[in-house]
1. Considering (1) over 16 Å from Asp248 (Cα atoms); (2) surrounded by 16 or more Cβ atoms within 10 Å (Cβ to Cβ); (3) at pLDDT 95 or above, say which one Thr175 fails and leave the rest.
2. Of Arg360, Arg399, Arg403, which residue is within 30 Å of Val247 (Cβ to Cβ) and open to solvent by 10 Å² or more (accessible area, probe 1.4 Å)?
3. All but one of (1) over 19 Å from the mean Cα position of the chain (by Cα); (2) closer than 21 Å to Gln376 by Cα hold for Asp35, so report the exception by its number.
4. Let me spell it out: the conditions are (1) within 32 Å of the chain's Cα centre (by Cα); (2) closer than 14 Å to Met143 by Cβ, and Val84 meets all of them except one. Which number is the exception?
5. Taking segment 35-48 only, how many residues are open to solvent by 10 Å² or more (accessible area, probe 1.4 Å) and part of a loop (DSSP other than H, G, I, E, B)?
6. Among the residues of segment 405-434, which ones are under 25 Å from Leu367 (Cα atoms) and in contact with a helix residue (DSSP H, G or I) (Cβ under 6 Å, 6 or more places away or on another chain)?
7. Inspect segment 145-160 for any residue being among the aromatic types (Phe, Trp, Tyr), free of Cβ contacts under 8 Å to residues at least 40 places away in the same chain and either closer than 23 Å to Glu216 by Cα or assigned to a strand (DSSP E or B) (or both) and give the result as yes or no.
8. So the check is Cβ under 6 Å with 6+ separation or different chains; which pairs have a first residue in segment 397-418 that's more than 18 Å from Arg331 (Cβ to Cβ) and a second one that's open to solvent by 30 Å² or more (accessible area, probe 1.4 Å) and outside any helix (DSSP H, G or I)?
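The values are calculated or read from the model by the stated rules, or taken from the named source; none is laboratory data. Keep in mind it's a predicted model, so treat the numbers as computed, not measured. All Cβ positions, glycine included, derive from the backbone under ideal geometry; neighbour counts span all protein chains shown. In case anyone asks, the SASA skips ligands and DNA or RNA and just uses the protein heavy atoms, side chains included. Shrake-Rupley method; radii C 1.70, N 1.55, O 1.52, S 1.80 Å.
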Amino acid sequence: MTHHGPQLITYADRLAGDLPGLRSLLDGPLAGAFDGVHVLPFYTPFDGVDAGFDPRDHTEVDPRLGTWDDVRALADGREVMADVIVNHVSADSAQFRDVRERGDASPHAPMFLTLGSVFPDGVTEEDLARIYRPRPGLPFTAMTLGGRRRLVWTTFTPDQVDIDLRTPQAWDYLTSVVDALTSGGVTMLRLDAVGYTGKEAGTDCFMTPATDAYTERIVEQAKARGAQVLVEVHGHHTQQIEIARKVDLVYDFALPPLVLHALTAGDLEPLAGWLRIRPANAVTVLDTHDGIGIVDVGPSDLRPGEPGLLAPEKIDALVERIHDNSGGTSRQATGAAASNLDLYQVNCTFYDALARDDRRYVLARLLQLFVPGIPQVYYVGLLAGANDMDLLAATGVGRDVNRHHYTPAEVEAALEHPAVRGQLAGLRLRSSHPAFDGDFTWDVDGTRGTFVRIAGDARATLTFDVADGSFEVRATGDDGEQVVLTDADVAAG
């Protein structure tokens, strides 16, 4: 088993100002904690309507953040992951602006999806009702293309126009993106929203056989350029297991709600059930730039009758506990309370979701670090950030509660926080200790559990109790097995 140490997930601007600043932070106060970094969209512009996931030019670094040389410098001695936004491009891209002006006369016209592209023979009410979308309403926006009124396919927002991967124009575009990233030092490609690419008449237009074919094609391109692929799909846990068999890496999006359930309900059984069946070739997270996924542990929306990892009543209770723990701030940022909503996520920092309980918070991170996979840690989570209600009020975007813009002084102060120091101790152990190159064993008994990583004579052990948030980490060293970190260390500050 290849050792892949922890990675930081961050926007360059919101944590460190720009790409050189991010490198300085990773080489400075965060040294030894991270083997890699997932830099969230740094393309032109990085600050569009969807925080960079709507690039006008996906092949260029926004000059306000740096250059491709800065990306390559960031990749010196560490893995760099970047997003390939597979499903859509900005409605303000040069390609789509040309289509707006010239319509079907534009050479780029075949690249973009309209209602008629998928349903050339007409569409029924049943066809429309079947389409799966993560937000309310139908995924179409009326636009004028070359003087003709059309229904353009916009899965996420009217500013993000879906592309038609059945066309050579779309593949010329995606290939140019993959080439730009891999030549710029990026060795891990995250396929954003790839599950929505396979629009086919007679289907729900989500995770269709066409999606598998498109994913395989991008994986082949990536491997030919020496890169790995991480597939980003929120959905039923069986879908993640199926996808894991076909790609390098999948997200373990079930882990965050299961850890939250364990630590807030004192119930380890659902987590234990997932540990028995989860794929090992996973990227583990607690929080990301999006919300805390709920659909990932719920019953299947697409396969009626197939249960989830958490019963519906436990999911409802978990969501209410998150809202209570956050003092109601997550309720203001979630669902119909905020725009750009996702039906399957709760918008909240993980720290607030655990009521800012430092011991339970560090324990949550340790559980993530011991579970097999590549652990990714979101910058707000690393710094034990609270919900940014000022940013939510300014933008009206629910997910912005977990996308704080840190000043250098705020970063410096956060690094002294006991929950941050506890996390960094765990991250440095995970990054350096040879036990994490080996096997994983675990046991739970009521509210108590033991996670063990072992490789030859190297051993690291986490014992914990979710009832009171207590924990102890032991690891072998030159003088035998020693205590590395306990809940008392965190409580003592």
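1. With (1) over 16 Å from Asp248 (Cα atoms); (2) surrounded by 16 or more Cβ atoms within 10 Å (Cβ to Cβ); (3) at pLDDT 95 or above applied to Thr175, the lone miss is (2).
2. Arg399
3. Only one criterion is unmet by Asp35, namely (1).
4. Condition (2) is where Val84 drops out.
5. 5
6. Ala414, Pro418, Ala419, Val420, Gly422, Gln423, Gly426, Arg430
7. Within segment 145-160 (the criterion being among the aromatic types (Phe, Trp, Tyr), free of Cβ contacts under 8 Å to residues at least 40 places away in the same chain and either closer than 23 Å to Glu216 by Cα or assigned to a strand (DSSP E or B) (or both)), the answer is no, since none of the residues qualifies.
8. Pairs that qualify, where the first residue is more than 18 Å from Arg331 (Cβ to Cβ) and the partner is open to solvent by 30 Å² or more (accessible area, probe 1.4 Å) and outside any helix (DSSP H, G or I), are Leu415/Pro29; Pro418/Gly493.
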